[in-house]
1. Run lengths n ≥ 4 of DSSP H only: what is the helix-derived mean residue ellipticity at 222 nm for the chain, with -39500 (n - 2.57) per run over all residues, to the nearest 500?
2. In whole Hz and in residue order, list the ³J(HN,Hα) couplings for the range 49-57 that follow from phi through the Karplus curve 6.51 cos²θ - 1.76 cosθ + 1.60, θ = phi - 60°; x for Gly and Pro.
3. Peptides 16-27, 198-209: what's the order by average Cβ count within 10 Å, highest mean first?
4. Normalized C-alpha radius of gyration of the range 19-207, against 2.2 N^0.38 Å?
5. Take the solvent-accessible surface of the protein heavy atoms, probe 1.4 Å, and return the percent of it on the chain that carbon and sulfur atoms account for.
6. Could you tell me the calculated FRET efficiency between Met187 and Thr31, based on Cβ-Cβ distance and R0 = 35 angstrom, to the nearest 0.05?
7. Relative contact order of the range 19-207: what whole-number percent is it, with Cα pairs under 8 angstrom and at least 6 residues apart?
8. May I ask you to list the residues of the range 149-168 whose amide nitrogen lies under 19 Å from a point 7 Å from Cα along the Cα→beta-carbon direction of Glu134?
Amino acid sequence: MTGKDAEKTAAPFIRPDASLDELREAAGHCTGCDLYKNATQTVFGEGPDDAPVMLVGEQPGDAEDRAGQPFVGPAGRLLDKALAEAGIDRSRVYVTNAVKHFKWSVVRGHKRLHQTPKIIEVRACAPWLRAEIERVRPRVVILLGATAAKSVLGPGFRVTLHRGEPVRSDLAERVVATVHPSSLLRMPDPDARARAFDEFVDDLRKAAGESPPPARGPA
Ligand code: URA
Ligand code: SF4
């Protein structure tokens, strides 16, 4: 690691007393690492500021970079389907990413190919995610895939070994890592993909926990 890399961080852009909306505004101007240079715009988290569940992905993809919103492309559609199946109300979920700018390598067809962010970039961007968690204070944080898990739980965390297991953390009552929906989209075998989807839904359902019984009206 060079000295220059070690300094990369979003921290100077984050005012400690900023509201969630002010953070979103400020993130639009972040130059905390080099990823802003090749991306269209910052893609900040979205959802209610009192959401009980927060989902954390890796970074915006091609579609998200254009739209300026997280999880609106193919992975987002699969995520929506999984949330519906798990009985989790999408409108009560705050959705964000470990890294707020789209990192890509080459253009193939009319799409730019996603590139996994480096740990230095994940670390640089982590103050935004921490600030979002501190403002929203979700009861449950669900980490989708290795990048989100490493951002929140440290570079040594292995989703393959600990998926679905609640992890002790000061960030929320329950922090759980599972696979990323994009990993399902990449599975060529339809049966394997269907099984993996069911396991993903199961992880989401367990992580979000039992919802309280619906309130009864007056008898
Ligand atoms: N993949 C992610 O991790 N996040 C998005 O917002 C879209 C795809
Ligand atoms: Fe800032 Fe994160 Fe974008 Fe890097 S990826 S410029 S740290 S918002």
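1. On the way: 9 runs with 85 residues, N = 219.
One gets -11000 deg cm²/dmol as the mean residue ellipticity at 222 nm.
2. 7, 10, 4, x, 10, 10, 10, 10, x
3. On the way: 16-27: 14.6, 198-209: 18.8.
Ranked by mean Cβ neighbours within 10 Å, highest first: 198-209, 16-27.
4. Details: Rg = 15.4 Å, N = 189, 2.2 N^0.38 = 16.1 Å.
Here the Cα radius of gyration is 0.96 times the empirical estimate.
5. Values: 6160 of 11760 Å².
The nonpolar share, carbon plus sulfur, comes to 52 percent.
6. So the FRET efficiency works out to roughly 0.45.
7. Details: 347 pairs, mean separation 44.4, N = 189.
The normalised contact order for the range 19-207 reaches 23 percent.
8. Flagged as within label range: 151-154.
The values are calculated or read from the model by the stated rules, or taken from the named source; none is laboratory data. This structure is a prediction, so every number in the text was calculated from the model and none was measured. Because the Cβ atoms are built from the backbone with ideal geometry, glycine has one as well, and the counts that use them run over all protein chains shown. Just the protein is used for accessible areas: all its heavy atoms, side chains included, with ligands, DNA and RNA removed. Shrake-Rupley method; radii C 1.70, N 1.55, O 1.52, S 1.80 Å.
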